[in-house]
Amino acid sequence: MESYALLFGSTLSAGTVLALAALGLLINEKAGIINLGAEGMMLCAAIAGFAAVVHTGNTWAGFGAGMAVGALLAGLFGLLVIWLNTNQQATGLALTLFGAGFSAFAGLGYVQAKLPELPKYAIPGLADIPLLGPALFRHHPLVYIVVLLAIAMVWFLYRSRAGLVLRAVGESPESAHALGYNVRGIRLAAVMFGGAMCGLAGAFISTVYTPLWVEGMVAGRGWIALALTTFATWRPARILLGAYLFGGVTMLQFHLQASGVQLASQLLSMLPYVATIVVLVLISRNPAWIRANMPASLGKPFHPGS
């Protein structure tokens, strides 16, 4: 039973990475912008966060550096697609390629670097409960913060005026513009928030989840986060649940290997990506359901004079 408690606990940590990135991308897409550069932003943020912790010894400084780099890259992406009307898909792919190459170059001097040992996190009085303690109450604070963030995002999107304006910009930017809202400014703010969240996810990977730097260590999580937004039909609570589902599939491969299951490690490593493809195929069988939940202007340029 203890091994299952540890599996559940590691699922929460793995899911946190995906949830952080996917919640940020959700805000992007609610504003009508799709950013395929999540993987590149997370890679750049991972090396920025790792370097910040190496030089300061402070994990939260690493998180701040990762968020700043993610927001900066997302801002550049936003300027290109919002003001210059470049193709969103092509620009996002270019950002991913840039992030992969730049992070590999910038990280050359940090491959052998070591981070200070992380403190042991535990909620007093709860961490010692048999089974539940290791599973739920011995995690980094960010694991709990992401749950609060998802709840706050539900309130923001569906209970606040600012959330209504954001959704209006994503559904009908022309109407929002006619009402006097700065569509481009709102979209840029949404894109930069999404970039900051992807940056936080990348920094969490390199400083807490696996505290080291290895080229390409994000390992496709940016793409899974993108898929999560569609899987969750653009709803924060479903994104959180989906993140834990995919996180559980990711950690299951290690649990099976530790249990002595005789399967090739390459096949087990494929599990998260196979699960992503299967889920996308299943939900794509009903295009009307996707269109009913997808922001109407997603991926489409906005021309104020039209």
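The values are calculated or read from the model by the stated rules, or taken from the named source; none is laboratory data. Just so you know, these numbers come straight off a predicted model, no measurement behind them. Glycine gets a Cβ as well: all are built from the backbone with ideal geometry, and neighbour counts include every protein chain shown. Calculation scope for accessible area: heavy atoms of the full protein, side chains included, ligands and nucleic acids excluded. Shrake-Rupley method; radii C 1.70, N 1.55, O 1.52, S 1.80 Å.
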Is it the case that some residue within region 170-186 is assigned to a helix (DSSP H, G or I), in contact with a Leu (Cβ under 6 Å, 6 or more places away or on another chain) and not β-branched (Val, Ile, Thr)?
no
Would you confirm, using the coordinates I've provided, whether PHE50 is open to solvent by 70 Å² or more (accessible area, probe 1.4 Å) and part of a helix (DSSP H, G or I)?
no
Search region 167-179 for residues that are farther than 18 Å from PHE156 by Cα and at pLDDT below 95 and pair each with any residue that is part of a loop (DSSP other than H, G, I, E, B) and open to solvent by 70 Å² or more (accessible area, probe 1.4 Å) when their beta-carbon atoms are under 8 Å apart and the residues are at least 6 apart or on different chains.
GLU174/SER306
Let me spell it out: the conditions are (1) surrounded by fewer than 23 Cβ atoms within 10 Å (Cβ to Cβ); (2) assigned to a helix (DSSP H, G or I); (3) at pLDDT 85 or above, and ILE224 meets all of them except one. Which number is the exception?
(1)
Name the pairs whose Cβ atoms lie under 6 Å apart, with the first residue in region 211-222 and touching a residue at least 60 places away in the same chain (Cβ under 8 Å), the second of a type in the set (Gly, Ala, Ser), and 6 or more positions between them or separate chains?
TRP213/GLY107; TRP213/SER206; GLU215/ALA104; GLY222/ALA38
Looking only at region 53-75, which residues are open to solvent by 10 Å² or more (accessible area, probe 1.4 Å), of a type in the set (A, V, I, L, M, F, W, C) and in contact (Cβ under 8 Å) with a residue 24 or more places away in the chain?
VAL54, ALA65, MET67, ALA68, VAL69, ALA71, LEU72, LEU73
Name the single residue, out of those in region 77-87 being open to solvent by 20 Å² or more (accessible area, probe 1.4 Å), part of a helix (DSSP H, G or I) and touching a residue at least 12 places away in the same chain (Cβ under 8 Å), that is farthest from GLY199 (Cα to Cα).
TRP83
Going through region 259-300 one residue at a time, which ones are open to solvent by less than 90 Å² (accessible area, probe 1.4 Å) and over 24 Å from the mean Cα position of the chain (by Cα)?
SER259, GLY260, VAL261, ALA264, SER265, ASN286, PRO287, ALA288
Return the residues of region 88-108 that are without any contact (Cβ under 8 Å) to a residue 60 or more places away in the chain, open to solvent by less than 40 Å² (accessible area, probe 1.4 Å) and under 17 Å from the mean Cα position of the chain (by Cα); say none if nothing qualifies.
GLY92
Taking the residues in region 262-293 that are out of contact with any helix residue (DSSP H, G or I) (no Cβ under 8 Å at 6 or more places or on another chain) and outside any helix (DSSP H, G or I) as candidates, determine which candidate is modelled with the highest pLDDT.
MET270
Matching residues in region 109-157 (β-branched (Val, Ile, Thr) and either in contact with a His (Cβ under 7 Å, 6 or more places away or on another chain) or open to solvent by 70 Å² or more (accessible area, probe 1.4 Å) (or both)) number 3
